[in-house]
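*Asks:* One structure is given below, represented as structure tokens, and several questions about it will come after.
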Amino acid sequence: MTDQFRPYSGIRILDTTHDLGRYATRLFADLGAEVIRIEPPGGLPDRARDTAAKPGGAEAFAFFNASKQSLVLDLTGNEGRARLADLAREAQIVVMERGGPLVEADIAWLRGLNPTSIIAFISPYGLGGPLEAAPASDLTLQAAGGIAWMTGRGDEPPLRLPGGQSAMITSVYAGAAIAVSLFDAETHGKGHILDISAQEAIAHSLQNAIQVWDLERRVSHRAGEGTRDASENIYPCLDGHVFLASPPTTGVSWKSLLAWMRELNHPSAVPFSDEKWLSRPYRSTPAARAEFQPIFEAFAKDFTRKELVDNALKRRIVMAPVARVRDVLDDEQLVWRDYFVPMGEGGARFPGAPYRLSEPVWAVTPAPALGQHNSKL
């Protein structure tokens, strides 16, 4: 690792991922690693799947595979295997995924070519277990890993998180495991074989749900015990929605909210002046939540999100706007941070690096065309 601002400069990664691991390899590419997609003739599965005529498909492929290179090798023949062997001898990391051109049986072969390398195999349920070959999707992995069970309201069915979160979570855990293993390999000259299960990665991401079972033998439930206070919810306003959390125990938030309503002589101030709203036990009941909602909505409906939030900030009321996709792209804080960066043709913008160092660390290059780097590698 030669450059403090591109710490993985000089690191070569052979990448045969196409779903669960491709964000992990993208993170290394952003930090200077030479990431080479080893693709069979026709490409890895994500090339056809993402670039098909569907909303957002091409953009997803561009995001996950930016700053990588593409090398087409026919690994069913001796010539392709020999070329891959040459690359593997010089690569510090090889990342494989179930359903790609490299299979579990290739792990030992790769290990023999470069005993000091990191070989990571990513799959839905890990190697060797009863579900090793079981089919999987983002929905089934979120369910099997428990994140769907923890998502949604307590009195409603579990929910799948949007945006392919099983792949994102798996990639983050895979990236961390690979980085730690690489550090150890560089320190001690000893390689590692990593068996990375998406289900295990998802289960490990469930906040303290695992610890709750270990310590209390209690299965955590989505929304925990529900909102702790009648005010904690999302409410409609004139041009969208806001989130409010205004229990009497949170500083001056409740007093300020009530004072604001009284200043405006708003009718909602009358029912909220009842002393029962100072009772924490009452405010935690379903009846209180059902009563609170229409009273606050009657107040919020005449204000825009900006008006509500600006007043809340001045009055120290805990409130935030609920953002739509367009709002996120134009968010003042994210714009100031240059969070969204142009990537490729067409002016599309994508989230940048999920970190900030003291100097700019990378320039994004477009996702590679199939076999674009065959003549260079």
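The values are calculated or read from the model by the stated rules, or taken from the named source; none is laboratory data. Please read all numbers here as calculations on a predicted model, not as lab measurements. Because the Cβ atoms are built from the backbone with ideal geometry, glycine has one as well, and the counts that use them run over all protein chains shown.
*Asks:* Filter the stretch 99-129 for residues that are at pLDDT 95 or above, out of contact with any Ser or Thr (no Cβ under 9 Å at 6 or more places or on another chain) and in a loop (DSSP other than H, G, I, E, B); which is surrounded by the fewest Cβ atoms within 10 Å (Cβ to Cβ)?
*Replies:* Here is the first cut: in the stretch 99-129, the residues at pLDDT 95 or above are 99-127.
From the residues that got through so far, the ones that are out of contact with any Ser or Thr (no Cβ under 9 Å at 6 or more places or on another chain) too are 103, 105-109, 112-117, 119, 121.
Subsequent filtering for residues that are in a loop (DSSP other than H, G, I, E, B) retains 103, 105, 114-117.
Values: VAL103: 13, ALA105: 7, ASN114: 19, PRO115: 11, THR116: 13, SER117: 25.
Per the stated criteria, the residue is ALA105.
*Asks:* Any residue at all in the stretch 68-76 that is within 23 Å of the chain's Cα centre (by Cα) and either closer than 26 Å to GLY32 by Cα or not β-branched (Val, Ile, Thr) (or both)? Before you say what the answer is, go through the steps one by one.
*Replies:* Step one: of the stretch 68-76, the residues within 23 Å of the chain's Cα centre (by Cα) are 68.
Adding the requirement that they be either closer than 26 Å to GLY32 by Cα or not β-branched (Val, Ile, Thr) (or both) leaves 68.
Yes: the stretch 68-76 contains one or more residues that are within 23 Å of the chain's Cα centre (by Cα) and either closer than 26 Å to GLY32 by Cα or not β-branched (Val, Ile, Thr) (or both).
*Asks:* Then there is this: When the stretch 234-260 is examined, which residues are found to be touching a His at 6+ places or on another chain (Cβ under 9 Å) and either closer than 19 Å to LYS314 by Cα or among the β-branched types (Val, Ile, Thr) (or both)? Please lay out each step first, then the result.
*Replies:* Step one: of the stretch 234-260, the residues touching a His at 6+ places or on another chain (Cβ under 9 Å) are 234-235, 260.
Matches in the stretch 234-260: ILE234, TRP260.
*Asks:* Under 18 Å from VAL309 (Cα atoms), out of contact with any Phe, Trp or Tyr (no Cβ under 8 Å at 6 or more places or on another chain), buried (at least 17 other Cβ atoms within 10 Å of the Cβ) and not hydroxyl-bearing (Ser, Thr, Tyr): does that describe TRP260? Step through it out loud before you land on a result.
*Replies:* Working: under 18 Å from VAL309 (Cα atoms): yes; out of contact with any Phe, Trp or Tyr (no Cβ under 8 Å at 6 or more places or on another chain): yes; buried (at least 17 other Cβ atoms within 10 Å of the Cβ): yes; not hydroxyl-bearing (Ser, Thr, Tyr): yes.
Taking the combined requirement at face value, the residue satisfies it.
*Asks:* Residue by residue through the stretch 328-345, note down the ones that are touching a residue at least 24 places away in the same chain (Cβ under 8 Å) and within 17 Å of ILE234 (Cβ to Cβ).
*Replies:* Pass one, the stretch 328-345, residues touching a residue at least 24 places away in the same chain (Cβ under 8 Å): 343-344.
Those that are touching a residue at least 24 places away in the same chain (Cβ under 8 Å) and within 17 Å of ILE234 (Cβ to Cβ): none in the stretch 328-345.
*Asks:* Which ones in the stretch 299-322 are farther than 12 Å from CYS237 by Cα and loosely packed, with under 15 Cβ neighbours inside 10 Å?
*Replies:* ASP310, LEU313, LYS314, ARG316
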